[in-house]
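Enquirer: Encoded as structure tokens, here's the structure I'll be asking about.
The values are calculated or read from the model by the stated rules, or taken from the named source; none is laboratory data. Please read all numbers here as calculations on a predicted model, not as lab measurements. Cβ placement follows ideal geometry from the backbone for every residue including glycine, while neighbour counts extend to all protein chains displayed. When the accessible area is computed, the model is the full protein with side chains, heavy atoms only, and any ligands, DNA or RNA have been set aside. Shrake-Rupley method; radii C 1.70, N 1.55, O 1.52, S 1.80 Å.
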Amino acid sequence: MAQTPFHLGWFVMKGYGPKGWRSQWGGPNLHSWVKPDNLVHLARELERAAFDYVMIEDSNNVPYTYKNSHETYLRLGLDSPKLDPSVVAPIMLRETKQIGVITTLSTTEYNPFLLARLTNALDHISDGRAGWNLVTGSNDGGAQNFGYDKQFPHDERYEMADEFVEVVQKLWDSWEADAMVIDPERGMFADPEKVRPVFHEGKYFRSRGPLSAPRSPQGHPVICQAGGSPRGRTFAARWAETIIASASSVGQMKEFRDDIRRQAAGFGRNPDHLKLMFLIAPIIAETMEAARAREQARLAEAEENIEFYLANMSRVTGIDFSQFPLDEKLPELTSNGHQSSAKGFSGRTPRDIVMQGRALRDADLVGTPDYVAAQMAEVMDAVGGDGFLIMDPDHTRRYITEIADGLTPALQRLGVVRKKYEFTMLRDNLLAF
Ligand SMILES: Cc1cc2nc3c(=O)[nH]c(=O)nc-3n(C[C@H](O)[C@H](O)[C@H](O)COP(=O)(O)O)c2cc1C
């Protein structure tokens, strides 16, 4: 009998961008992706299933790495266009009551004061359900939109991000929790004794503060991070509360989690306060046969649209994969972008990488709800926690329903995921188990 209780999150791939426009289940009005409705629908459905959070991916450029051209990315609606996630996140938070919404914001694109203010506001309007997916940027094209010739060196981006988080946390803490008294009789709105400048003078950033807004319900919105490289792991272990990761085997999941927890203890943190969430894209259907058939359809789609995936690999690594023959093993790759991805691609053929996708090699997440639920529970027992981040390349309403009304109830019957929220704030629900 599975023992380990775990958390569920959803990864909104391709951010606030077009979803399912080539899918049979893409819906009646493909142009409606610019409206918040799809993502509001997603947040509401996952709240019904008592998910911890929805994480909205983001990147800030029309890529041109693949074949040194925008062509493939625009023709296929790949990794662009994307509207600003910080515009849809408040609407999703407004239309829900308990689920957390984590917005991606980059430390090489935002200024610490602006980011502290934005995340503070999201936390206020949601009574403590806001999170920040901290990214340091990866593609040179993104950096070129912000006045730089190219991205800062990989590890230096994490150095900068260390100081960035220090400033942001100081600003979040610049108002004491009871500073805002609002006492008309005393004629006092806020107690000046309880609001302090931060006078931050650092290697990369300067900010006087205080924040121009009172302390938010969580005080610190939840920090989410996805560092896979050695430097990225250390960064995540120092600052992140939920760490999202892509692993290709149960063994890799366990090694990653144990390493992060060990490093977190080294920073004096309680390892149980870090929730590792692993990416999966389960295929759910009424029968095992139907699910297998959909798996075959997904593989055929990948084979047919291999360019789509090669262009995506090119964007995240900054390496143009159109130069490599599909069935020849890749050389040892280095990247100033997603270092762990480049390392994971090295020595494999581009076709194998595309066809394997993000599926776990040694766990079978294709089948009926009960079958897949049992597999997921077994994986969590083997890894020790802390949860899964569900993703759907097509993000169709059909898939959302299969997960919310099919898979999740099966997991609830096994007693490994919550049936209802324990608390109202995101951090408290993450720390509930
Ligand atoms: C599940 C997941 C979600 C991610 N979301 C984003 C994102 O929204 N925007 C972004 O720029 N990078 C995103 N990344 C990339 C990470 O922030 C990071 O750059 C990447 O994992 C490589 O880290 P590394 O260079 O330390 O190996 C994501 C990575 C993963 C695994």
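Enquirer: Taking only region 318-343 into account, find how many residues are in a helix (DSSP H, G or I) and more than 9 Å from the ligand (Cβ to nearest atom). It would help to see each step written out before you state the result.
Expert: From region 318-343, those in a helix (DSSP H, G or I) are 321-323, 339-343; that's our starting set.
Cutting the leftovers down to more than 9 Å from the ligand (Cβ to nearest atom) gives us 321-323.
Qualifying residue count for the region: 3.
Enquirer: Further, regarding this structure: Give the residues of region 29-60 that are assigned to a loop (DSSP other than H, G, I, E, B) and either among the basic types (K, R) or farther than 30 Å from H7 by Cα (or both), sorted by residue number.
Expert: Hits for region 29-60 are N29, K35.
Enquirer: Now a separate question. Take V87 and tell me if it is open to solvent by 60 Å² or more (accessible area, probe 1.4 Å) and either closer than 22 Å to W10 by Cβ or in a helix (DSSP H, G or I) (or both).
Expert: Answer is yes for this residue.
Enquirer: For region 192-202: of the residues being among the hydrophobic types (A, V, I, L, M, F, W, C) and touching a residue at least 12 places away in the same chain (Cβ under 8 Å), which is surrounded by the most Cβ atoms within 10 Å (Cβ to Cβ)?
Expert: Per the stated criteria, the residue is V198.
Enquirer: Further question: What pairs come up if the first residue lies in region 368-388 and is surrounded by fewer than 17 Cβ atoms within 10 Å (Cβ to Cβ), the second is modelled with pLDDT under 95 and β-branched (V, I, T), and their beta carbons are under 6 Å apart, counting only those six or more places apart or on different chains?
Expert: Partner pairs satisfying both residue conditions: D381/T4.
Enquirer: If you don't mind, there's one more thing I want to ask. When residues of region 12-44 are filtered for being under 22 Å from F388 (Cβ atoms), open to solvent by less than 30 Å² (accessible area, probe 1.4 Å) and at pLDDT 95 or above, how many remain?
Expert: Counting residues in region 12-44 that are under 22 Å from F388 (Cβ atoms), open to solvent by less than 30 Å² (accessible area, probe 1.4 Å) and at pLDDT 95 or above gives 5.
Enquirer: Turning to a different aspect of this structure: Hey, among the residues in region 121-146 that are open to solvent by less than 50 Å² (accessible area, probe 1.4 Å) and on the phi > 0 side of the Ramachandran plot, which one's nearest to the ligand (Cβ to nearest atom)? Steps first, answer last, please.
Expert: To start, the set of residues in region 121-146 that are open to solvent by less than 50 Å² (accessible area, probe 1.4 Å) comprises 121-123, 126, 128-139, 141-143.
Then keep just the ones that are on the phi > 0 side of the Ramachandran plot; that gives 128, 137.
Working: G128: 22, G137: 6 Å.
Among them, the one singled out is G137.
Enquirer: Just give me the residues in region 221-234 being more than 12 Å from the ligand (Cβ to nearest atom) and not β-branched (V, I, T), in sequence order.
Expert: P221
Enquirer: Is region 184-191 home to any residue that is farther than 29 Å from L93 by Cα, open to solvent by less than 70 Å² (accessible area, probe 1.4 Å), away from the ligand (no atom under 12 Å from the Cβ) and in a loop (DSSP other than H, G, I, E, B)?
Expert: In the first step, residues of region 184-191 are kept if they are farther than 29 Å from L93 by Cα; the result is 184-188, 191.
Okay, now just the ones that are also open to solvent by less than 70 Å² (accessible area, probe 1.4 Å), so 187-188, 191.
After this cut, where a residue has to be away from the ligand (no atom under 12 Å from the Cβ) as well, the list is 187-188, 191.
Pick out the ones that are also in a loop (DSSP other than H, G, I, E, B) and you get 187, 191.
Scanning region 184-191 turns up at least one residue that is farther than 29 Å from L93 by Cα, open to solvent by less than 70 Å² (accessible area, probe 1.4 Å), away from the ligand (no atom under 12 Å from the Cβ) and in a loop (DSSP other than H, G, I, E, B).
Enquirer: If you don't mind, another one. Against the definition (in contact with a helix residue (DSSP H, G or I) (Cβ under 7 Å, 6 or more places away or on another chain), closer than 19 Å to H273 by Cβ and within 12 Å of the ligand (Cβ to nearest atom)), how does Q218 come out, yes or no? So that I can check it myself, show each step before the final result.
Expert: Details: in contact with a helix residue (DSSP H, G or I) (Cβ under 7 Å, 6 or more places away or on another chain): yes; closer than 19 Å to H273 by Cβ: yes; within 12 Å of the ligand (Cβ to nearest atom): no.
The answer is no for Q218.
Enquirer: Mind listing just one residue for me: the one in region 236-255 that is open to solvent by less than 20 Å² (accessible area, probe 1.4 Å) and closer than 23 Å to N429 by Cα and, of those, nearest to the ligand (Cβ to nearest atom)?
Expert: Once the filter is applied, the top-ranked residue is I244.
Enquirer: Go over the candidates R351, R315, R261, R292 one by one and state the one that is within 16 Å of the ligand (Cβ to nearest atom), at pLDDT 95 or above and assigned to a helix (DSSP H, G or I). Walk me through how you get there before you give the answer.
Expert: On the way: R351 fails: within 16 Å of the ligand (Cβ to nearest atom); R261 fails: within 16 Å of the ligand (Cβ to nearest atom); R292 fails: within 16 Å of the ligand (Cβ to nearest atom).
Matching residue, one of R351, R315, R261, R292: R315.
Enquirer: What's the number of the condition D149 fails, among (1) more than 16 Å from the ligand (Cβ to nearest atom); (2) part of a helix (DSSP H, G or I)?
Expert: (2)
Matching residues to (1) aromatic (F, W, Y); (2) part of a strand (DSSP E or B):
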position	(1), (2)
G27	no, no
V62	no, no
Y73	yes, no
G77	no, no
I91	no, no
V101	no, yes
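Enquirer: Please verify whether region 132-143 includes one or more residues that are at pLDDT 95 or above and part of a loop (DSSP other than H, G, I, E, B).
Expert: yes
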